[in-house]
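S.K.: This is the structure I have questions about; it appears just below.
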C-alpha cells in the first residue's frame, strides 16, 4: 500500500465548492482508499491505496467529485517522501518561527516559462520567494492575504498550484507518519 497525501485546491473556500470532509472520506473509500484521515476543511487527506499512478488517481478523484457534487477540483497527490523533501528544502528556516507567514505552493507540473522578473517586481521588500522544481516557497511576514505576489504567483508561474502554510505542511507530515 502507498501512503498518499492529497491536497485539494479550492474546496470549502468562501462558501463555494462545498465538500464536507465526511463526504470526501466516502468518495475516497469508494475509490479504494483505506486508513483515511482528513485535516481541516480546506481539503487535505492522507490515505493508503494500491494505485501507483498518482496522476490517474488524481483524475479519478476529481472526476468522482464532479459527478457527485458538480465541480471538479484540482487534486494534487504527494508521496510522503515528496512532502518531507519540500520541508527539508525550505529556503527560509527563519520563517518557521512564524509559521503563518511561510507558505509552500505545491505545483501540479513543472513551470515551463515562469515570469520570475514579474515575481520580483510584485514582491514587497519584506517578502521572499523561492522556486524549486515542484514547490514555490513564499515568506510573507506582513501576511499572505495582503500579498500581491501570493495573489499572482500561480499566474506568473504558469501552472496550477495549491498552497499550504507551514503549520499545515508539518501537520500533514505528522499525520502521514503516524
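Nothing in this text is a laboratory measurement; each read-out follows from the coordinates by a stated rule. Owing to the predicted nature of the structure, the values given are computational and were not obtained by experimental measurement. For neighbour counting, all protein chains shown are included, and Cβ atoms are generated from backbone atoms with ideal geometry for every residue, glycine included.
S.K.: How high is the relative contact order of the chain, in percent, with contacts defined as C-alpha pairs under 8 Å that are six or more residues apart? List each step's numbers first, then the result.
M.R.: Numbers: 289 pairs, mean separation 42.1, N = 178.
Relative contact order comes out at 24 percent.
S.K.: Would you kindly work out the equivalent ellipsoid of the chain from its C-alpha gyration tensor and give its semi-axes, the square roots of five times the eigenvalues, largest first in whole Å? Don't jump to the answer; show the numbers that get you there.
M.R.: On the way: eigenvalues 153, 60, 47 Å².
Output for the chain: semi-axes of 28, 17, 15 Å.
S.K.: Could you please rank 34, 164, placing first whichever residue has the fewest other Cβ atoms within 10 Å of its Cβ? Please list the in-between numbers first.
M.R.: Details: 34 11, 164 23.
Result, fewest neighbours first: 34, 164.
S.K.: Helix 166-177 against the longest principal axis of the chain: what's the angle in degrees, Cα atoms only, rounded to the nearest 10?
M.R.: Helix 166-177 and the main axis of the chain meet at about 30 degrees.
S.K.: Taking only Cα atoms, what is the 0 to 90° angle, nearest 10, from helix 148-157's long axis to the longest principal axis of the chain?
M.R.: With rounding to tens, the tilt is 70 degrees.
S.K.: Further question: Going by how many other Cβ atoms sit within 10 Å of their own, how do 170, 49, 4 line up, fewest first?
M.R.: Details: 170 15, 49 20, 4 23.
Ordered from fewest to most neighbouring Cβ atoms within 10 Å, 170, 49, 4 come out as 170, 49, 4.
S.K.: Same structure again: Tell me the angle of helix 54-69 to the major Cα principal axis of the chain, expressed in degrees between 0 and 90 and rounded to the nearest ten.
M.R.: 70
S.K.: List 137, 69 from most exposed to least, where exposure is judged by having the fewest other Cβ atoms within 10 Å. Provide the component values of the computation, followed by the final result.
M.R.: Numbers: 137 21, 69 16.
By the 10 Å Cβ count, ascending, the order reads 69, 137.
S.K.: Taking 0.36 nm per intervening residue step and subtracting the Cα-Cα distance, what contour gain separates residue 84 from residue 18 on full extension?
M.R.: Values: separation 66, 0.36 × 66 = 23.76 nm, distance 2.93 nm.
Taking 0.36 nm per residue and subtracting the Cα distance, the gain is 20.8 nm.
S.K.: Turning to a different aspect of this structure: At a threshold of 8 angstrom on Cα-Cα distance, excluding pairs fewer than six apart, so keeping six or more, what relative contact order does the range 111-171 reach in percent? Walk me through the intermediate numbers first.
M.R.: Working: 51 pairs, mean separation 22.6, N = 61.
So the answer I get is 37 percent.
S.K.: Next question. Taking the Cα centre of each part, how many Å lie between the range 1-80 and the range 101-124?
M.R.: Each part reduced to its Cα centre gives a spacing of 25 Å.
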